[in-house]
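Have a look at the structure below, then the notes.
The values are calculated or read from the model by the stated rules, or taken from the named source; none is laboratory data. Every value quoted in this text rests on a predicted model; they were computed, and no experiment measured them. Note that we place each Cβ from the backbone using ideal geometry, even for glycine, and neighbour counts take in every protein chain shown.
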Amino acid sequence: DVKVTQSSRYLVKRTGEKVFLECVQDMDHENMFWYRQDPGLGLRLIYFSYDVKMKEKGDIPEGYSVSREKKERFSLILESASTNQTSMYLCASTRTGEYETQYFGPGTRLLVL
Amino acid sequence: RKEVEQDPGPFNVPEGATVAFNCTYSNSASQSFFWYRQDCRKEPKLLMSVYSSGNEDGRFTAQLNRASQYISLLIRDSKLSDSATYLCVVQHIGGYSSASKIIFGSGTRLSIRP
């Protein structure tokens, strides 16, 4: 059974803190994605990676960075958290050529105070 | 204008009813289309792909109209367990290096009442 896990389900941080969100997949997928989901806006792509050490900006990369040192792990970093980064963060992975079948993690609900 | 637009709902229908959602997309170069389902406080999961000729999976039927740039999802004989948010997803080549670009709609919320 395919599995994508995220390090935390709920997280509360203060403005200005550095925040790390971790995502791990056990399917040997090449591609990994970070989205945020907000009411009325749907899922918006922050960053994605199609290989180890490779990364590409999505639609809303500002205020975020990512790291992919190992194939199975994709980290999202908020360098200095702000209140407008309060959101649900979803990680996903796909095999190359099978982009439609995105396997999502359970999500991390982040609150920035 | 959003690239993928859906009626947010909520659609509140009785059990056993037939319900249909539409989704419009703005990029005529879009190539692949899907419906995902997202339960409350859960992650999205692929429900079905949408093919040009239309396709059916049990009580679910998906249709694509390229000329009008919309896709639809029809649910027959709705069950309480169908209550969820349904996300329309569109894919087209380009946008991010050579990879496909996948765009999610904001979702249509469906609530089935007993």
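What about B:Ser49, is it of a type in the set (Ser, Thr, Tyr) and within 11 Å of chain A (Cβ to nearest Cβ)?
Judged against the criteria, B:Ser49 is a match.
Out of everything in region A:36-59 that is among the aliphatic types (A, V, I, L, M) and at pLDDT below 95, what residue ends up being nearest to B:Cys88 (Cα to Cα)?
A:Leu43
In region A:27-66, what residues are among the polar types (S, T, N, Q) and either surrounded by fewer than 18 Cβ atoms within 10 Å (Cβ to Cβ) or at the interface with chain B (Cβ under 8 Å from one of its Cβ atoms) (or both)?
A:Asn31, A:Ser65
Provide a single number: the residues in region B:24-46 that are within 11 Å of another protein chain (Cβ to nearest Cβ) and assigned to a strand (DSSP E or B).
Residues meeting the conditions: 9.
What is the residue count in region A:6-26 for residues that are surrounded by 13 or more Cβ atoms within 10 Å (Cβ to Cβ), touching a residue at least 60 places away in the same chain (Cβ under 8 Å) and part of a strand (DSSP E or B)?
Summing the residues that are surrounded by 13 or more Cβ atoms within 10 Å (Cβ to Cβ), touching a residue at least 60 places away in the same chain (Cβ under 8 Å) and part of a strand (DSSP E or B) in region A:6-26 gives 7.
Restricted to region B:79-93, and to residues that are of a type outside the set (Ser, Thr, Tyr), away from chain A (no Cβ under 12 Å) and not in a loop (DSSP other than H, G, I, E, B), which residue is surrounded by the fewest Cβ atoms within 10 Å (Cβ to Cβ)?
In this case the residue turns out to be B:Leu80.
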